[in-house]
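Here, each number is a calculation from the coordinates, and none is a lab measurement. Predicted, not measured: the structure shown is a model, and the values here were computed from it. Cβ atoms come from the backbone with ideal geometry, glycine included; neighbour counts cover every protein chain shown.
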């Protein structure tokens, strides 16, 4: 069995990302477990009302806030803001990837052309530098 | 002479054809008791009796245009001349006076059709042509012509697309627009200007039925001038937008993972 110290567990205070449904794309905190399939969930700082939500649509993040089970919204909010979850989320690569995907989907034809040109130029520079290094290494060997 | 009936009108027959109308000098007759009444201009075939005291008035007839023309005819033993009627009778009389049309509501001829233009297409929009020899090329839309086709230009210097017509249905309208509000498109660019010239049909002789004249398109000076006039206004506007020139030079293509229904143009 491999050592997995960074397994994410469903626990009270676990911040989760809603993958689909009416609140798609928002973060919530798991406040209590209702039954095998549902959790009581609350997202005071992200605009999600306190409600039951199936685990299926929740994707666990790395963040946990310190909150007792069934804590009232006021305290969830307090804990959330104390942990600065929103800021941490924005800086995470998960959120950045989502943002990049959105931008790519709304690119116009002209934008795609500009991106192609930019990539081409960037790759040219990289290749150029690489070639230089390779040449230097080859010369050193000789 | 007063009181006397005018000479009886005689019917003139012309070899069985419709009798020609002879005009009489006495056209209308004044009668003091009855008033003025008209005599038939043509032939009555009967003797007209007038009440006493009628005064026959002579009227000057206006000279009518000739109804017949004598034309010379060539050939031997032909009589040399023919008498040709100038105003012929109709060769067909329909059985109904007003023909009954089939019931069709709002069926208009093409020239009166309502031309629509997609909301995404406005002057200055960059279009992607999908059909024709310029397929895949990105092109600037100038204006919609009378038949509904779109007037479009490359510009020629960028992608070899001249002033041309394009069909709205076979273009993708991108969201990229060039501001051509200050540009003047010559008024001479209409549908008739762009219409394909019909080649002269060879007469019914042998000798290469398939050898048609003007098979190839000939470039005229007029076209070159108009192209220059339009492009000289358009190119500086394009140069103002960074990378737009290269964009118009490139062609559109699909590749792996590119799905048209998912693309935003």
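Some notes on this structure:
- Cα centroid separation, the stretch B:135-170 to the stretch B:82-122 (Å): 33 Å
- Gyration tensor (alpha-carbon) shape descriptor, the stretch B:71-129, a/c threshold 1.5: oblate
- Cα gyration tensor shape for the stretch B:57-170, rounded if a/c is under 1.5, else prolate or oblate: prolate
- Computed extension length for residue A:9-residue A:133: 40.0 nm, one decimal, from 0.36 nm per residue of separation with the Cα-Cα distance subtracted.
- Kirkwood hydrodynamic radius over Cα pairs of chain A, then Stokes diffusion coefficient at 10 °C and 1.306 mPa s, in µm²/s: 86 µm²/s
- Relative to the current alpha-carbon distance between residue A:33 and residue A:50, full extension at 0.36 nm per residue lengthens the span by 4.8 nm.
- Computed FRET value (nearest 0.05) for residue B:223 with residue B:130, which takes r as the C-beta separation and R₀ as 25 Å: 0.55
- Quarter of Cα convex hull surface for the stretch A:14-92, i.e. mean projection, nm²: 4.6 nm²
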